Amino acid sequence: MTGFALDPEQEQECERLRALATERLRPLAEKGEPGRVNRPLLAALGEHGLLERVFAAGALELCLLRESLAYGCTEAETALALQGLGAHPVLRAGSPEQCARWLPGVRAGRTVAAFALSEPGAGSDAAALALAARPVAGGAGGGWRLTGEKRWISNAPEADFYTVFARTGEGPGARGVSAFLVPADRPGLGGEALDMLSPHAIGALTFDGVPVGPEDLLGEPGGGFRVAMDTLNRFRPSVGAFAVGMARAALDATLAHTAHRAAFGGVLGDLQAVAHRVAEMATRTEAARLLVYAAAAAYDADSGSPDVPRRAAMAKLLATESAQYVVDHAVQLHGAVALQRGHLLEHLYREVRAPRIYEGASEVQRTIIARSLYAQHASAEQHAPAEVDR
């Protein structure tokens, strides 16, 4: 890829994925029950090798994968992304035993993973987690008991295992958070589904003294915040890609509609107000796409660079806000037909709202960006040569 223009092979692969999503995956999605995990859809993602690619792909390839699937079937894209989000901490920080036990099933679409970070009082502020991991007799060597609640967890309460972040208290704030792999059948773990706008499963989890041991840790005690942030930095640009895929679908639908819809002796697209709005939709979509690709390329070049969190935040912020704008204006230009149940834009209108909140709300992304900019400015001032009096 040069200048963030896709090469012919990438374009062909994206087209293949859009067709696969439309022709093979969307029918499975339509048979699923809203608010429930669609296991046949997950199995199909595994059969087509798409879940394997979530773990093997670089950040840019992951973005192209998510954007292409989102264009043709948002449910397939979301199912794929949630598998990656829930299992990425296992891949990066899990023991060989944990990886061998859980990841093959995730890749095949047989095992459902979930990322359990948010709580009723701690959503985007991961350092404010309250779920308590209290040591049992014998200290950390004897394990912990998890007590508290998680909320707004995708794939809950139907997942087969959860990546759970809890406060073990090695230090204040972020330094006292650890990550655990918790199987769904662990005693004391309960859950309920939440009736949300999103079509996929979202639920709450309760932890009533759930036992976890050193073998359930992902990484080191007190290292959970780093595991969470590494996962979010990896996936935030691709959340932007999901948004870009929805925006491109809405834009294409709008072009088709306004090019043929009769209005005032011509077609809608002949009206300057309509044409200018479509131009704005296209410009915002393209700007978001380029920023997403740039953030992904930066991650692939050096995932540990201090610029990566800022670039990821910028990509997610611009792409999700732009997609909201594009879908909203697409509905407006279509009129009442776009509000009918089953219409593409009615579906996208419901889907496009949540990405501005999850994996860090837009306000949090702005905070990340601003802090990074001011830190960079302070560092530049500190290392600038002193002025010499003349």
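The values are calculated or read from the model by the stated rules, or taken from the named source; none is laboratory data. This structure is a prediction, so every number in the text was calculated from the model and none was measured. A quick note on method: Cβ atoms are made from the backbone with ideal geometry, for glycine too, and the neighbour counts reach across all protein chains shown.
Data for the structure
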read-out	value
Top-ranked residue in the stretch 332-386 [being without any contact (Cβ under 8 Å) to a residue 24 or more places away in the chain and touching a Leu at 6+ places or on another chain (Cβ under 9 Å); ranked as nearest to Thr231 (Cα to Cα)]	Tyr349
Among (1) under 24 Å from Leu6 (Cα atoms); (2) more than 17 Å from the chain's Cα centre (by Cα), the one test that Leu345 misses	(1)
The listed residue being in contact with a Gly (Cβ under 8 Å, 6 or more places away or on another chain) and surrounded by fewer than 18 Cβ atoms within 10 Å (Cβ to Cβ), out of Ala361, Ala319, Ala375	Ala361
Among (1) under 25 Å from Asn233 (Cβ atoms); (2) not assigned by TED's automatic domain parsing to the domain that holds Gly213, the one test that Leu117 misses	(2)
Criterion violated by Ala130 - all others in (1) modelled with pLDDT of 95 or more; (2) closer than 21 Å to Ala166 by Cβ satisfied	(1)
Selected residue (criterion: nearest to Thr78 (Cα to Cα)) from residues of the stretch 244-273 that are part of a loop (DSSP other than H, G, I, E, B) and of a type outside the set (A, V, I, L, M, F, W, C)	Arg261
Enumeration of residues in the stretch 212-267 that are surrounded by fewer than 16 Cβ atoms within 10 Å (Cβ to Cβ) and either under 16 Å from Pro135 (Cα atoms) or of a type in the set (Asp, Glu) (or both)	Gly213, Pro214, Glu215, Glu220, Asp252
Test: Glu170 is in contact with a strand residue (DSSP E or B) (Cβ under 6 Å, 6 or more places away or on another chain), of a type outside the set (Gly, Ala, Ser) and surrounded by fewer than 16 Cβ atoms within 10 Å (Cβ to Cβ)	no
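Condition check ((1) hydrophobic (A, V, I, L, M, F, W, C); (2) more than 23 Å from the chain's Cα centre (by Cα)) across all residues:
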{"residue": "Glu192", "(1), (2)": "no, no"}
{"residue": "Phe207", "(1), (2)": "yes, yes"}
{"residue": "Glu220", "(1), (2)": "no, yes"}
{"residue": "Arg234", "(1), (2)": "no, no"}
{"residue": "Ala241", "(1), (2)": "yes, no"}
{"residue": "Ala250", "(1), (2)": "yes, no"}
